Structure formats: C-alpha cells, structure tokens
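Here the structure comes first, spelled out in structure tokens, and everything after it is commentary.
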C-alpha cells in the first residue's frame with residue numbers, strides 16, 4: 001500500500017531489506033528516507049523537536065550515516081559539527097575509545113581539540129541497536145569535558161538494549177521510530 005507523501009511518517013520512508021548483510025537480519029535502510037525531500041526534512045525537524053528547549057554548542061555525529069543528519073542539524077541551528085569516526089579516519093591528534101561488537105571490538109575516535117570543557121553536545125546517529133557505538137561517542141565527548149544534552153536517533157531497536165544502556169549513563173535518549181525484534 002502506498003501512503004500519500006503528505007501523510008507519510010518517518011517510518012514509512014524507511015525501507016526494510018531482509019537477510020542483509022546476512023541471513024536473518026532485517027536491515028533498516030535509511031537511504032530511502034534521505035532521498036525523500038519531505039521525509040528528510042520531517043526527520044531533521046522531528047529529531048530536533050524534543051531538544052527545542054535545550055541549548056547546545058555542537059552536534060556530534062557517529063560515522064557514517066549519522067553525519068548526514070548531524071550536518072543538517074548543525075547547519076539548521078548554526079552550531080558546530082563534530083565527526084566521531086572509525087579508527088584511522090581523522091588526520092589530527094585523536095582520542096580513541098574501544099567498544100564491543102557482536103564478534104570482536106571496534107574503535108571510535110575524535111580530535112583532541114574538537115570540544116572544550118563545558119561545551120554542550122547533542123549526539124546523533126541513524127540507528128540505536130546495542131548502544132556500543134553511541135556509548136563510545138559519549139565517552140569520547142565527556143573525556144574532552146563536554147556535557148551531553150542528549151542522544152537522537154532515527155531508529156531504535158529496543159530488543160537490543162541500547163536505549164537502556166545509554167539511559168543508565170544518565171542520558172536522555174530520543175528516537176523517531178522503533179522496530180521490534182531486530
């Protein structure tokens with residue numbers, strides 16, 4: 001069934017691809033949301049809405065789809081944009097934070113001069129699953145002395161526990177939609 005564009009929700013704009021990247025996984029593809037001008041605008045506006053009463057100095061976004069929303073939000077609010085990248089992708093001096101993946105470890109990095117003590121930061125990414133990547137981003141920002149205003153995601157996969165993990169760190173977590181069982 002096709003939903004008229006004026007009545008679409010953010011969730012309606014997200015394509016599900018079964019068995020990607022491996023059998024049994026239901027991949028939530030936000031590229032279809034990004035390609036829809038009204039859907040993308042709605043996404044950015046809705047990500048900002050819960051934080052309308054908050055002041056923040058920077059948007060820190062997690063590689064890589066988080067950069068798309070993070071850049072748009074930072075531009076809209078005229079605040080700085082801070083990329084939190086996978087190991088080896090940033091050219092300057094960095095701090096790094098290791099985190100657990102389903103099968104192994106990964107590392108996220110931030111420039112050591114990206115934030116200063118007292119900076120207020122909104123962290124954004126497309127998807128919240130186990131929360132490991134977001135937790136690493138939060139820890140990096142906090143190590144630089146920043147205060148995290150909250151974390152905003154397009155999609156939450158609540159069965160994987162990421163929201164609870166971040167809330168247990170004292171963080172406000174907002175997501176535009178949830179997909180159960182993934």
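Among the residues of the range 20-47, count how many are within 23 Å of residue 81 (Cβ to Cβ) and in contact with a strand residue (DSSP E or B) (Cβ under 8 Å, 6 or more places away or on another chain).
Let us first name the residues in the range 20-47 that are within 23 Å of residue 81 (Cβ to Cβ), namely 30-31, 33-37, 39-47.
Pick out the ones that are also in contact with a strand residue (DSSP E or B) (Cβ under 8 Å, 6 or more places away or on another chain) and you get 30-31, 33, 43, 46-47.
The total comes to 6.
Looking across the range 19-46, just one residue is surrounded by 13 or more Cβ atoms within 10 Å (Cβ to Cβ), part of a loop (DSSP other than H, G, I, E, B) and either without any contact (Cβ under 8 Å) to a residue 24 or more places away in the chain or over 17 Å from the mean Cα position of the chain (by Cα) (or both), and that is 36. Selection of the range 59-84 for residues being surrounded by 23 or more Cβ atoms within 10 Å (Cβ to Cβ) and within 16 Å of residue 141 (Cα to Cα) yields 59, 60, 61, 62, 66, 70, 82, 84.
Among the residues making up the range 165-182, those that are within 15 Å of the chain's Cα centre (by Cα) and surrounded by 16 or more Cβ atoms within 10 Å (Cβ to Cβ) are 165, 166, 171, 173, 174, 175, 176, 177.
Looking only at the range 157-179, which residues are touching a helix residue (DSSP H, G or I) at 6+ places or on another chain (Cβ under 6 Å) and closer than 16 Å to residue 28 by Cβ? Listed by number, the residues that qualify are 176, 177, 178. Within the range 110-140, the residues that satisfy the criterion of being farther than 24 Å from residue 30 by Cα and crowded, with 23+ Cβ neighbours inside 10 Å are 110, 114, 115, 140.
The numbered conditions (1) modelled with pLDDT of 95 or more; (2) in contact with a helix residue (DSSP H, G or I) (Cβ under 8 Å, 6 or more places away or on another chain); (3) surrounded by fewer than 20 Cβ atoms within 10 Å (Cβ to Cβ) are all true for residue 91 except (2). Filtered by the rule that a residue be part of a helix (DSSP H, G or I), over 13 Å from the mean Cα position of the chain (by Cα) and either over 22 Å from residue 50 (Cβ atoms) or at pLDDT below 95 (or both), the range 107-159 gives 139, 140, 143, 159. Within the range 47-82, track down each residue that is within 21 Å of residue 145 (Cβ to Cβ), touching a residue at least 24 places away in the same chain (Cβ under 8 Å) and not in a helix (DSSP H, G or I). Passing the criteria: 54, 55, 56, 57, 58, 59, 60, 61, 62, 82. Remark: residue 62 matches the filter, which requires a residue to be in contact with a helix residue (DSSP H, G or I) (Cβ under 6 Å, 6 or more places away or on another chain) and within 30 Å of residue 9 (Cα to Cα).
The values are calculated or read from the model by the stated rules, or taken from the named source; none is laboratory data. This one's a predicted model, so the numbers in the text were calculated from it and none came from an experiment. We place every Cβ from the backbone using ideal geometry, glycine too, and count neighbours over all the protein chains shown.
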